[in-house]
1. Using θ = phi - 60° and the Karplus form 6.51 cos²θ - 1.76 cosθ + 1.60, what ³J(HN,Hα) does each residue of region 9-18 get, whole Hz, x for Gly and Pro?
2. At 0.36 nm per residue, and after removing the present C-alpha to C-alpha distance, how many nm does the segment from Met89 to Leu49 gain when stretched out fully?
3. Suppose R0 equals 25 Å; then what is the FRET efficiency for Asp127 and Phe169 from their Cβ-Cβ distance, rounded to the nearest 0.05?
4. Subtract the Cα-Cα distance of Arg32 and Lys5 from 0.36 nm times their separation in residues, and report this length gain in nm to one decimal.
5. Starting at the first residue of region 148-157, write each ³J(HN,Hα) from the Karplus equation 6.51 cos²θ - 1.76 cosθ + 1.60 with θ = phi - 60°, in whole Hz, x for Gly and Pro.
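Each reported figure results from applying straightforward, stated rules to the coordinates on display, with no laboratory input. These numbers come from a predicted model, not from an experiment. All Cβ positions, even for glycine, are placed from backbone atoms using ideal geometry, and neighbour counts span all protein chains on display.
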Amino acid sequence: MGNKKQKEKNFDIAKAAAVEALKDFKEEERQRNKRTRYHNTELLLKNYLSLLDHYENAKERATDIFSIEELDELEAEEVIIQSIKRSRMRTIVMIAQIEHCLEILKGRMASKGQLEKYTVIECLYLDKERRHIERGELIKVVAEELNCGQPSVYRWRNEMIRELSVLLFGVDGLKLDI
């Protein structure tokens with residue numbers, strides 16, 4: 001009889017350990033997903049101007065070489081042309097989504113009287129004139145322009161990227177315990 005009680009006790013201990021391990025695993029996965037969304041959002045911002053360039057250049061190159069009708073009629077290079085078209089369309093959709101979400105974010109910050117937070121995103125990622133300035137130097141310049149410290153620029157950048165992540169990726173951008 002003592003052996004049965006010991007087995008039950010061992011089972012309860014193992015069950016509790018398994019539940020705890022599952023909680024830890026889910027938390028690690030949630031944190032990993034959160035970091036991935038943040039990273040993806042920042043990656044989109046970092047490459048936003050290049051995406052715009054890609055779209056404009058692809059449009060110009062394609063129309064310089066072929067008319068739109070000729071692009072549709074070519075058969076020999078159909079796969080390549082269709083791939084370029086798909087890439088261009090995906091870029092257009094992503095640019096439109098980013099622009100829409102940035103507009104919403106800017107409106108939110110303006111309504112809160114915290115437009116300087118959004119200005120950090122504009123200065124760091126969206127300003128074509130600043131795109132070639134080294135990141136560390138740019139942080140200093142932005143801090144001076146906004147009359148704040150560099151830690152504030154970093155903090156506001158991170159906050160805006162997190163908010164933009166939710167706007168771009170919807171519920172996946174939230175920290176939910178489901």
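1. Here the 3J(HN,Hα) series is 5, 4, 4, 4, 5, 5, 5, 4, 5, 5 Hz.
2. Fully extending the segment from Met89 to Leu49 adds 12.8 nm.
3. Efficiency, from the Cβ-Cβ distance: 0.55.
4. So the chain would gain 5.7 nm between Arg32 and Lys5.
5. With coefficients 6.51, -1.76 and 1.60, one gets 9, x, 4, x, 5, 4, 4, 5, 5, 4 Hz.
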